[in-house]
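S.K.: Take this structure, written in structure tokens, and hold onto it; I'll ask about it next.
The values are calculated or read from the model by the stated rules, or taken from the named source; none is laboratory data. None of the values given here were measured: they were computed from a predicted structure. Reconstructed Cβ throughout: ideal geometry from the backbone, glycine too, with neighbour counts over all protein chains shown. Surface accessibility is based on the protein's heavy atoms, side chains included, excluding ligands, DNA and RNA. Shrake-Rupley method; radii C 1.70, N 1.55, O 1.52, S 1.80 Å.
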Amino acid sequence: MKILELRFKNLNSLYGEWFIDFSNPEYTSNGLFALTGPTGSGKSTILDAICLALYGETPRLGRITKSSNEIMSRQTGECYAEVMFESQAGRFRCHFSQHRARKKAEADLQSPRHEIAEGHENGKVIESQLRRVATVIEEKTGMDFERFTRSILLAQ
């Protein structure tokens, strides 16, 4: 499995929208790169965003539900994480999002949305049923959440 792109919005201390293109030569030329920075700069949030987009949960916070979302930035009304990846099964886009009622920071959380689609522009949605997406991810990557966090996300 190779992660190609990451997009996210309003996760932890990283307010606003963010985009990382892991296919950029700055990341691919040496084959190795490190996420570095001071405490609170968002290093773990980048790893959380990848897990959230793929599996709807993170190693630090667990599953994100209608009643519990500790990853959404404070005083915001919506968040999302999206990852484009490639595996032996092809190229795919996974998207996880959640918002508060009327996207108001003080409103109630709404049910999260999670989907996997084909990886090209306007790719066909393969699965969008919240409980089934992780199963399809496992089929496409060969890794469930536990195996992914052990294999891909090295201890910090």
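S.K.: Considering the alpha-carbon set of the chain alone, what are its Rg and its Dmax in angstrom?
M.R.: Using the Cα atoms of the chain, the pair Rg, Dmax is 15.1, 46 Å.
S.K.: A follow-up question, please. Could you calculate the FRET efficiency of S13 with D108 from 1/(1 + (r/R0)^6), where r is the beta carbon distance between them and R0 is 22 Å, rounded to 0.05?
M.R.: It comes out at approximately 0.40.
S.K.: For K43, give me every one of the lysines with a C-alpha distance below 22 angstrom, ignoring sequence neighbours fewer than eight places off in its own chain.
M.R.: Reachable lysines: K2, K9.
S.K.: Next up: Report the rotationally averaged projected area of the stretch 1-55 based on its alpha-carbon convex hull, in square nanometres.
M.R.: 4.1 nm²
S.K.: Could you work out how far apart the two model spin labels at Y27 and K124 are, taking each label as a point 7 Å from the Cα in the direction of the beta carbon, and quote it in nm?
M.R.: Output for this residue pair reads 2.8 nm.
S.K.: Let me ask something else about it. If r is the Cβ-Cβ distance from E86 to R60 and R0 is 25 Å, what FRET efficiency results, to the nearest 0.05?
M.R.: With R0 = 25 Å, the Cβ-Cβ based efficiency is 0.45.
S.K.: Stretched out fully, how many nm does the piece from A34 to T135 gain, at 0.36 nm a residue minus the Cα gap?
M.R.: 33.4 nm
S.K.: I would also like to ask the following. Residue by residue, what Karplus-based ³J(HN,Hα) values in Hz, rounded to whole numbers, does the stretch 97-114 have, using 6.51, -1.76 and 1.60 with θ = phi - 60° and x for Gly and Pro?
M.R.: 8, 8, 9, 8, 3, 6, 6, 9, 4, 8, 7, 6, 5, 9, 4, x, 10, 9
S.K.: Oh, and also: Quote the charge dipole size of the stretch 98-156 about the Cα centre in Debye, to the nearest 20; the model charges only the Cβ of Lys and Arg (+1) and of Asp and Glu (-1).
M.R.: It comes to approximately 280 debye.
S.K.: Can you pull the percent of the stretch 33-156's accessible area that's carbon plus sulfur, 1.4 Å probe, other chains left in place?
M.R.: Of the solvent-accessible surface of the stretch 33-156, carbon and sulfur hold 44 percent.
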